[in-house]
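Worksheet: the structure to be examined is printed underneath.
Just so you know, all these numbers are worked out from the coordinates, no wet-lab data involved. The shown structure was predicted, so the numbers you read here are calculated from the model rather than taken from an experiment. FYI the Cβ positions are ideal-geometry reconstructions off the backbone, even for glycines, and counts take in every protein chain you see.
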Amino acid sequence: MMIITQKITSLAFEIHDGMFRKNEDLTPSQRCLAVRRMPSLLEYLSYNCNFMGILAGPLCSYKDYITFIEGRSYQLQQSEANGKEDTKYEQTDPSPNIAVAQKLLICGLSLLFHMTITKTLPVEYNIDENFRATASWPVRVFYLYLSLMAARPKYYFAWTLADAINNAAGFGFRGYDKNGVTRWDLISNLRIQQIESSTSFKMFLDNWNIQTALWLKRYLFLKGKLFCAEVLLSKMFLKKI
């Protein structure tokens with residue numbers, strides 16, 4: 001239900017941006033995601049209920065999904081050494097095999113960790129009355145940290161498996177890096193290495209549940225600010241009248 005809610009609301013805003021707002025009023029990100037044509041019923045249902053992301057997601061934009069469904073050619077923009085010119089290279093159907101294999105390996109390791117280490121450090125033990133009554137405050141804090149860290153692999157498993165399923169179907173291709181290596185992280189929901197090595201709460205959040213964080217930023221924070229500004233201007237205008 002959360003994924004479908006995110007898809008419905010994001011598509012509604014993207015249609016509004018593409019069909020009912022002037023292009024110069026949109027940010028570069030909004031122009032890129034704006035939907036200029038009303039989707040058909042089949043396209044709408046396909047986007048919301050496709051088998052690849054119906055359960056665990058991850059969330060994707062409507063334009064990215066339709067681009068994948070229509071099988072458009074992949075284009076690479078690779079900057080020249082002087083950084084002044086861009087050259088485009090046509091690529092068709094890059095293979096996701098390596099990316100899928102790597103993500104399935106991560107899924108296996110995460111599941112193994114969850115079935116072994118996580119069971120020895122249950123999160124529920126933090127609220128055990130005997131533990132809270134007998135353990136010292138530093139011990140309780142240390143155990144809380146370890147148990148929460150041990151609980152993360154189940155999310156790594158679910159989100160990485162969902163990402164691998166999309167990649168196996170050919171969805172999630174972002175382009176090529178400067179070395180010409182394919183990138184299959186367009187709709188990835190987490191970056192495990194950055195999470196485990198994060199040095200700040202912001203860095204942790206930037207790499208955890210990425211697509212939901214983008215949804216919150218694009219359609220709640222930025223749109224909320226715009227709505228508040230419009231309401232404020234409307235009140236000022238009415239007062240002048």
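Pull out the extension gain between Lys223 and Thr120, defined as 0.36 nm times the separation in residues minus the alpha carbon to alpha carbon distance; nm, one decimal. Walk me through the intermediate numbers first.
Working: separation 103, 0.36 × 103 = 37.08 nm, distance 4.42 nm.
So the chain would gain 32.7 nm between Lys223 and Thr120.
Going by average Cβ neighbours within 10 Å, how do the peptides 133-140, 210-217 rank, with the highest at the top?
Descending packing order for the listed peptides: 210-217, 133-140.
Within segment 26-65, list the chymotrypsin sites (Phe, Trp or Tyr not before Pro) lying in a DSSP loop whose Cβ has at most 12 other Cβ atoms in a 10 Å radius. List each step's numbers first, then the result.
On the way: sites: Tyr44, Tyr47, Phe51, Tyr62, Tyr65; in loops: Phe51.
Qualifying residues, ordered by number: Phe51.
Kindly state, to the nearest 0.05, the FRET efficiency for Leu109 paired with Thr199, given R0 = 30 Å and r defined as their beta-carbon distance.
Numbers: r = 24 Å, r/R0 = 0.79.
According to the calculation, E is roughly 0.80.
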